[in-house]
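Here the structure comes first, spelled out in C-alpha coordinates, and everything after it is commentary.
The values are calculated or read from the model by the stated rules, or taken from the named source; none is laboratory data. From a predicted model like this one, the values you see are computed outputs, not experimental measurements. With ideal geometry, Cβ positions are generated from the backbone for all residues, glycine too; neighbour counts draw on all protein chains shown.
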Amino acid sequence: MEGIFFRGLWTTVILIIFTGAHCNLCNDIQLYTFPKALDSRTQPIAATSVEAGQLFERSRAGSDIYKNKAMVERLKTYGVITSEKVANVIESIDRALFVPDGNVPYYDSPMPIGYNVTISAPHMHATCLQLLEENLQPGMHALDVGSGTGYLTACFALMVGPQGCVVGVEHIPELVSSSIQNIQKGAAAPLLKEGSLSVHVGDGRLGWPEHAPYDAIHVGAAAPKIPQALIDQLKPGGRMVIPVGTISQELKVIDKDLDGSLSVRDEISVRYVPLTSREVQLQGV
Ligand code: SAH
(Lines give C-alpha, C1' and ligand atoms only; values in the text may rest on other atoms or scores of the structure.)
Protein backbone atom coordinates (compact mmCIF):
# COMPACT_ATOMS: atom_id res chain seq x y z
CA MET A 1 0.00 0.00 0.00
CA GLU A 2 2.87 2.37 0.81
CA GLY A 3 4.31 1.82 -2.66
CA ILE A 4 1.01 2.75 -4.19
CA PHE A 5 0.79 5.81 -1.97
CA PHE A 6 4.26 7.14 -2.80
CA ARG A 7 3.90 6.49 -6.51
CA GLY A 8 0.51 8.18 -6.40
CA LEU A 9 2.06 11.07 -4.48
CA TRP A 10 4.95 11.39 -6.95
CA THR A 11 2.66 11.52 -9.98
CA THR A 12 0.51 14.03 -8.14
CA VAL A 13 3.57 16.20 -7.42
CA ILE A 14 4.53 16.14 -11.12
CA LEU A 15 1.00 17.04 -12.05
CA ILE A 16 0.95 19.94 -9.62
CA ILE A 17 4.32 21.28 -10.77
CA PHE A 18 3.22 21.33 -14.39
CA THR A 19 -0.34 22.45 -13.97
CA GLY A 20 -0.13 24.66 -10.92
CA ALA A 21 -3.23 22.81 -9.74
CA HIS A 22 -2.46 23.18 -6.03
CA CYS A 23 -6.10 23.10 -5.05
CA ASN A 24 -6.45 19.58 -6.47
CA LEU A 25 -3.83 17.98 -4.22
CA CYS A 26 -6.24 16.37 -1.79
CA ASN A 27 -8.63 15.37 -4.52
CA ASP A 28 -5.94 13.67 -6.60
CA ILE A 29 -4.44 11.75 -3.71
CA GLN A 30 -7.84 10.72 -2.52
CA LEU A 31 -9.01 9.58 -5.91
CA TYR A 32 -5.81 8.21 -7.43
CA THR A 33 -6.55 4.81 -8.92
CA PHE A 34 -3.95 2.21 -9.76
CA PRO A 35 -4.34 -1.41 -10.72
CA LYS A 36 -2.63 -4.07 -8.63
CA ALA A 37 -1.32 -5.61 -11.82
CA LEU A 38 0.64 -2.49 -12.64
CA ASP A 39 1.74 -1.96 -9.08
CA SER A 40 3.68 -5.16 -8.96
CA ARG A 41 5.23 -4.96 -12.41
CA THR A 42 5.64 -1.42 -13.55
CA GLN A 43 5.97 2.22 -12.74
CA PRO A 44 3.01 4.55 -13.17
CA ILE A 45 2.21 5.27 -16.78
CA ALA A 46 3.08 8.91 -16.72
CA ALA A 47 4.61 11.28 -19.17
CA THR A 48 8.13 12.36 -18.26
CA SER A 49 8.40 15.76 -16.61
CA VAL A 50 9.43 17.46 -19.85
CA GLU A 51 6.71 15.68 -21.77
CA ALA A 52 4.12 16.63 -19.17
CA GLY A 53 5.08 20.28 -19.60
CA GLN A 54 4.73 19.98 -23.36
CA LEU A 55 1.39 18.25 -23.00
CA PHE A 56 0.14 21.06 -20.79
CA GLU A 57 1.12 23.62 -23.41
CA ARG A 58 -0.75 21.55 -25.99
CA SER A 59 -3.80 21.14 -23.80
CA ARG A 60 -4.11 24.88 -23.48
CA ALA A 61 -3.88 25.15 -27.23
CA GLY A 62 -6.55 22.46 -27.71
CA SER A 63 -6.63 18.79 -28.56
CA ASP A 64 -3.73 16.92 -30.13
CA ILE A 65 -4.52 13.55 -31.65
CA TYR A 66 -0.77 12.73 -31.88
CA LYS A 67 -0.40 13.07 -28.11
CA ASN A 68 -3.49 10.89 -27.74
CA LYS A 69 -1.73 8.28 -29.86
CA ALA A 70 1.40 8.60 -27.70
CA MET A 71 -0.77 7.93 -24.63
CA VAL A 72 -2.05 4.74 -26.28
CA GLU A 73 1.54 3.69 -27.03
CA ARG A 74 2.48 4.17 -23.36
CA LEU A 75 -0.52 2.10 -22.26
CA LYS A 76 0.56 -0.62 -24.70
CA THR A 77 4.18 -0.47 -23.52
CA TYR A 78 3.11 -1.00 -19.92
CA GLY A 79 0.86 -3.90 -20.88
CA VAL A 80 -2.45 -2.21 -20.03
CA ILE A 81 -3.65 -2.35 -23.64
CA THR A 82 -3.11 -5.66 -25.40
CA SER A 83 -6.06 -5.52 -27.82
CA GLU A 84 -5.66 -3.80 -31.19
CA LYS A 85 -9.37 -3.01 -31.29
CA VAL A 86 -9.25 -1.27 -27.91
CA ALA A 87 -6.09 0.60 -28.99
CA ASN A 88 -7.81 1.78 -32.18
CA VAL A 89 -10.89 2.97 -30.32
CA ILE A 90 -8.88 4.89 -27.70
CA GLU A 91 -6.82 6.42 -30.51
CA SER A 92 -10.00 7.47 -32.33
CA ILE A 93 -11.54 9.31 -29.38
CA ASP A 94 -9.35 12.27 -28.46
CA ARG A 95 -9.32 12.45 -24.67
CA ALA A 96 -8.70 16.20 -24.73
CA LEU A 97 -12.31 16.70 -25.87
CA PHE A 98 -13.50 15.25 -22.53
CA VAL A 99 -11.02 16.68 -20.01
CA PRO A 100 -11.79 20.18 -18.70
CA ASP A 101 -9.42 22.96 -19.82
CA GLY A 102 -6.36 23.50 -17.66
CA ASN A 103 -5.68 19.79 -17.14
CA VAL A 104 -3.18 17.59 -18.95
CA PRO A 105 -5.57 15.42 -20.97
CA TYR A 106 -3.17 12.60 -21.79
CA TYR A 107 -1.69 12.23 -18.32
CA ASP A 108 -2.49 8.93 -16.59
CA SER A 109 -4.44 10.24 -13.65
CA PRO A 110 -8.06 10.95 -12.73
CA MET A 111 -8.95 14.63 -13.12
CA PRO A 112 -11.67 16.76 -11.50
CA ILE A 113 -14.73 17.44 -13.68
CA GLY A 114 -16.77 19.34 -11.08
CA TYR A 115 -19.65 18.15 -8.86
CA ASN A 116 -17.16 16.34 -6.56
CA VAL A 117 -16.24 13.73 -9.19
CA THR A 118 -13.44 12.95 -11.62
CA ILE A 119 -12.92 11.55 -15.09
CA SER A 120 -11.23 8.19 -14.53
CA ALA A 121 -7.56 7.72 -15.44
CA PRO A 122 -6.71 6.45 -18.95
CA HIS A 123 -5.42 3.12 -17.59
CA MET A 124 -8.76 2.49 -15.86
CA HIS A 125 -10.72 3.33 -19.02
CA ALA A 126 -8.43 1.01 -20.99
CA THR A 127 -8.71 -1.76 -18.40
CA CYS A 128 -12.52 -1.63 -18.45
CA LEU A 129 -12.64 -1.58 -22.25
CA GLN A 130 -10.43 -4.65 -22.36
CA LEU A 131 -12.47 -6.50 -19.74
CA LEU A 132 -15.64 -5.79 -21.73
CA GLU A 133 -14.25 -6.23 -25.24
CA GLU A 134 -15.97 -9.56 -25.96
CA ASN A 135 -19.28 -8.03 -24.88
CA LEU A 136 -18.84 -4.93 -27.03
CA GLN A 137 -18.98 -6.65 -30.40
CA PRO A 138 -20.76 -4.92 -33.30
CA GLY A 139 -24.52 -4.88 -32.75
CA MET A 140 -24.39 -5.49 -28.98
CA HIS A 141 -26.09 -3.43 -26.23
CA ALA A 142 -24.06 -1.65 -23.54
CA LEU A 143 -24.91 0.45 -20.49
CA ASP A 144 -22.50 2.97 -18.95
CA VAL A 145 -23.63 3.90 -15.43
CA GLY A 146 -22.12 7.16 -14.10
CA SER A 147 -21.17 8.23 -17.60
CA GLY A 148 -19.67 11.56 -16.41
CA THR A 149 -17.76 13.19 -19.27
CA GLY A 150 -19.10 10.63 -21.76
CA TYR A 151 -15.60 9.45 -22.69
CA LEU A 152 -16.12 5.74 -22.09
CA THR A 153 -19.70 5.90 -23.42
CA ALA A 154 -18.28 7.21 -26.70
CA CYS A 155 -15.64 4.44 -26.76
CA PHE A 156 -18.36 1.82 -26.21
CA ALA A 157 -20.37 3.27 -29.09
CA LEU A 158 -17.41 2.95 -31.48
CA MET A 159 -16.96 -0.66 -30.35
CA VAL A 160 -20.58 -1.74 -30.99
CA GLY A 161 -21.08 0.47 -34.05
CA PRO A 162 -24.26 1.76 -35.68
CA GLN A 163 -26.13 -1.57 -35.35
CA GLY A 164 -25.48 -1.61 -31.60
CA CYS A 165 -26.97 0.38 -28.74
CA VAL A 166 -25.10 2.29 -26.03
CA VAL A 167 -26.80 4.10 -23.16
CA GLY A 168 -25.08 6.42 -20.69
CA VAL A 169 -26.85 7.22 -17.41
CA GLU A 170 -25.59 10.06 -15.23
CA HIS A 171 -27.40 11.76 -12.34
CA ILE A 172 -25.91 15.26 -12.73
CA PRO A 173 -27.89 17.01 -15.51
CA GLU A 174 -25.06 19.48 -16.23
CA LEU A 175 -22.65 16.58 -16.83
CA VAL A 176 -25.12 14.94 -19.18
CA SER A 177 -25.33 18.19 -21.20
CA SER A 178 -21.57 18.69 -21.32
CA SER A 179 -20.97 15.01 -22.15
CA ILE A 180 -23.28 15.30 -25.15
CA GLN A 181 -21.33 18.37 -26.28
CA ASN A 182 -18.05 16.48 -25.81
CA ILE A 183 -19.28 13.49 -27.82
CA GLN A 184 -20.55 15.77 -30.61
CA LYS A 185 -16.99 17.03 -31.21
CA GLY A 186 -15.46 13.59 -31.82
CA ALA A 187 -15.57 10.32 -33.70
CA ALA A 188 -18.77 9.05 -32.01
CA ALA A 189 -20.82 12.10 -33.08
CA PRO A 190 -22.60 10.28 -35.98
CA LEU A 191 -23.70 7.50 -33.59
CA LEU A 192 -25.18 10.07 -31.22
CA LYS A 193 -26.97 11.73 -34.14
CA GLU A 194 -28.33 8.44 -35.50
CA GLY A 195 -29.52 7.40 -32.02
CA SER A 196 -27.49 4.24 -31.41
CA LEU A 197 -25.72 6.25 -28.64
CA SER A 198 -27.72 8.19 -26.05
CA VAL A 199 -27.03 9.76 -22.66
CA HIS A 200 -29.73 10.28 -20.04
CA VAL A 201 -30.23 11.93 -16.66
CA GLY A 202 -31.14 9.29 -14.12
CA ASP A 203 -30.21 7.26 -11.08
CA GLY A 204 -27.87 4.67 -12.57
CA ARG A 205 -28.51 2.29 -9.66
CA LEU A 206 -31.79 1.57 -11.43
CA GLY A 207 -30.10 0.92 -14.76
CA TRP A 208 -31.97 1.87 -17.92
CA PRO A 209 -34.67 -0.76 -18.59
CA GLU A 210 -35.71 0.65 -21.96
CA HIS A 211 -32.76 -0.89 -23.84
CA ALA A 212 -32.16 -3.90 -21.56
CA PRO A 213 -30.97 -6.60 -21.52
CA TYR A 214 -27.33 -5.49 -21.93
CA ASP A 215 -24.38 -7.52 -23.17
CA ALA A 216 -22.06 -5.17 -21.29
CA ILE A 217 -22.61 -3.02 -18.21
CA HIS A 218 -19.93 -0.68 -16.91
CA VAL A 219 -20.29 1.21 -13.66
CA GLY A 220 -17.96 4.20 -13.23
CA ALA A 221 -18.57 4.76 -9.50
CA ALA A 222 -18.17 2.45 -6.51
CA ALA A 223 -21.33 0.77 -5.22
CA PRO A 224 -21.57 -0.45 -1.60
CA LYS A 225 -23.13 -3.58 -3.10
CA ILE A 226 -24.06 -4.64 -6.62
CA PRO A 227 -27.43 -3.06 -7.49
CA GLN A 228 -30.04 -5.76 -8.18
CA ALA A 229 -31.53 -3.76 -11.10
CA LEU A 230 -28.18 -3.96 -12.90
CA ILE A 231 -27.98 -7.73 -12.38
CA ASP A 232 -31.52 -8.06 -13.70
CA GLN A 233 -30.69 -5.98 -16.80
CA LEU A 234 -27.60 -8.02 -17.66
CA LYS A 235 -28.23 -10.40 -20.56
CA PRO A 236 -27.48 -14.13 -20.13
CA GLY A 237 -23.95 -14.35 -21.54
CA GLY A 238 -23.38 -10.71 -20.55
CA ARG A 239 -20.65 -9.16 -18.41
CA MET A 240 -20.71 -6.34 -15.86
CA VAL A 241 -17.62 -4.49 -14.59
CA ILE A 242 -18.29 -2.60 -11.37
CA PRO A 243 -16.19 -1.23 -8.51
CA VAL A 244 -17.67 -2.46 -5.23
CA GLY A 245 -16.85 -1.26 -1.74
CA THR A 246 -16.50 1.90 0.30
CA ILE A 247 -13.06 2.52 1.81
CA SER A 248 -11.62 -0.66 0.34
CA GLN A 249 -12.88 -1.34 -3.18
CA GLU A 250 -12.46 -4.13 -5.73
CA LEU A 251 -13.21 -3.93 -9.42
CA LYS A 252 -15.55 -6.89 -9.84
CA VAL A 253 -16.17 -8.77 -13.07
CA ILE A 254 -19.59 -10.40 -13.08
CA ASP A 255 -20.50 -12.89 -15.80
CA LYS A 256 -24.08 -14.05 -16.24
CA ASP A 257 -24.17 -17.56 -17.68
CA LEU A 258 -26.73 -18.59 -20.27
CA ASP A 259 -28.74 -20.33 -17.51
CA GLY A 260 -28.85 -17.02 -15.57
CA SER A 261 -26.35 -18.02 -12.86
CA LEU A 262 -23.66 -15.51 -11.89
CA SER A 263 -19.93 -15.87 -11.48
CA VAL A 264 -18.07 -13.04 -9.75
CA ARG A 265 -14.34 -12.38 -9.52
CA ASP A 266 -12.16 -9.55 -8.25
CA GLU A 267 -9.95 -8.03 -10.94
CA ILE A 268 -7.98 -5.30 -9.10
CA SER A 269 -8.16 -3.01 -6.08
CA VAL A 270 -9.35 0.44 -7.05
CA ARG A 271 -10.42 3.81 -5.68
CA TYR A 272 -13.53 5.28 -7.33
CA VAL A 273 -15.96 8.01 -6.27
CA PRO A 274 -19.15 6.57 -4.73
CA LEU A 275 -22.26 5.47 -6.62
CA THR A 276 -24.70 7.41 -4.49
CA SER A 277 -27.59 9.86 -4.53
CA ARG A 278 -27.17 13.24 -6.22
CA GLU A 279 -27.78 15.02 -2.90
CA VAL A 280 -25.05 13.11 -1.05
CA GLN A 281 -22.60 13.62 -3.91
CA LEU A 282 -23.18 17.37 -4.09
CA GLN A 283 -22.73 17.67 -0.31
CA GLY A 284 -19.28 16.19 -0.87
CA VAL A 285 -19.45 13.75 2.02
N1 SAH B 1 -16.80 7.23 -16.11
C2 SAH B 1 -16.94 8.66 -16.13
C3 SAH B 1 -17.21 9.30 -14.77
C4 SAH B 1 -16.56 8.68 -13.58
S5 SAH B 1 -16.92 9.54 -12.08
C6 SAH B 1 -15.73 9.31 -16.73
O7 SAH B 1 -14.65 8.72 -16.68
O8 SAH B 1 -15.85 10.41 -17.23
C9 SAH B 1 -18.43 8.71 -11.60
C10 SAH B 1 -19.68 9.34 -12.17
O11 SAH B 1 -20.79 8.65 -11.61
C12 SAH B 1 -19.86 10.81 -11.83
O13 SAH B 1 -20.11 11.53 -13.01
C14 SAH B 1 -21.08 10.82 -10.90
O15 SAH B 1 -21.85 12.00 -11.03
C16 SAH B 1 -21.82 9.58 -11.38
N17 SAH B 1 -22.73 8.97 -10.40
C18 SAH B 1 -22.55 8.71 -9.09
N19 SAH B 1 -23.65 8.14 -8.54
C20 SAH B 1 -24.55 8.02 -9.55
C21 SAH B 1 -25.88 7.50 -9.64
N22 SAH B 1 -26.52 7.01 -8.57
N23 SAH B 1 -26.49 7.52 -10.83
C24 SAH B 1 -25.89 8.04 -11.92
N25 SAH B 1 -24.65 8.57 -11.92
C26 SAH B 1 -23.98 8.54 -10.74
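Below, the figures for the structure above:
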quantity: Filter result (modelled with pLDDT of 95 or more, among the hydrophobic types (A, V, I, L, M, F, W, C), surrounded by fewer than 14 Cβ atoms within 10 Å (Cβ to Cβ) and assigned to a loop (DSSP other than H, G, I, E, B)) within segment 233-285; calculated: Leu258
quantity: Flag if Gly238 is out of contact with any Ser or Thr (no Cβ under 8 Å at 6 or more places or on another chain) and under 19 Å from Leu136 (Cβ atoms); calculated: yes
quantity: Residue selected from segment 109-151 under the condition charged (D, E, K, R) and surrounded by fewer than 24 Cβ atoms within 10 Å (Cβ to Cβ), by the criterion farthest from Ala189 (Cα to Cα); calculated: Glu134
quantity: Hits in segment 253-272 - residues which are hydrophobic (A, V, I, L, M, F, W, C) and either over 18 Å from Ile217 (Cβ atoms) or away from the ligand (no atom under 12 Å from the Cβ) (or both); calculated: Val253, Ile254, Leu258, Leu262, Val264, Ile268
quantity: Leading residue by the ranking (nearest to Val219 (Cα to Cα)) among those in segment 136-152 that are part of a loop (DSSP other than H, G, I, E, B) and away from the ligand (no atom under 11 Å from the Cβ); calculated: Leu136
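A quick yes/no check of all residues on (1) more than 13 Å from the ligand (Cβ to nearest atom); (2) farther than 19 Å from Ile242 by Cβ:
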{"position": "Glu84", "(1), (2)": "yes, yes"}
{"position": "Asn88", "(1), (2)": "yes, yes"}
{"position": "Asp101", "(1), (2)": "yes, yes"}
{"position": "Tyr106", "(1), (2)": "yes, yes"}
{"position": "Ile119", "(1), (2)": "no, no"}
{"position": "Cys128", "(1), (2)": "no, no"}
{"position": "Glu134", "(1), (2)": "yes, no"}
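A quick yes/no check of all residues on (1) part of a helix (DSSP H, G or I); (2) within 15 Å of the ligand (Cβ to nearest atom); (3) modelled with pLDDT of 95 or more; (4) closer than 27 Å to Val270 by Cβ:
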site: Ala154; (1), (2), (3), (4): yes, yes, yes, yes
site: Leu158; (1), (2), (3), (4): yes, no, yes, yes
site: Gln163; (1), (2), (3), (4): no, no, yes, no
site: Leu175; (1), (2), (3), (4): yes, yes, yes, yes
site: Gln181; (1), (2), (3), (4): yes, yes, yes, no
site: Lys193; (1), (2), (3), (4): yes, no, yes, no
site: Val199; (1), (2), (3), (4): no, yes, yes, yes
site: Arg205; (1), (2), (3), (4): yes, yes, yes, yes
site: Ala216; (1), (2), (3), (4): no, yes, yes, yes
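Residue by residue, here is whether (1) at positive phi; (2) part of a helix (DSSP H, G or I); (3) in contact with a Phe, Trp or Tyr (Cβ under 9 Å, 6 or more places away or on another chain) holds:
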site: Tyr66; (1), (2), (3): no, yes, no
site: Ala70; (1), (2), (3): no, yes, yes
site: Glu73; (1), (2), (3): no, yes, no
site: Gly79; (1), (2), (3): yes, no, no
site: Val86; (1), (2), (3): no, yes, no
site: Ile90; (1), (2), (3): no, yes, no
site: Asn103; (1), (2), (3): no, no, yes
site: Tyr107; (1), (2), (3): no, no, yes
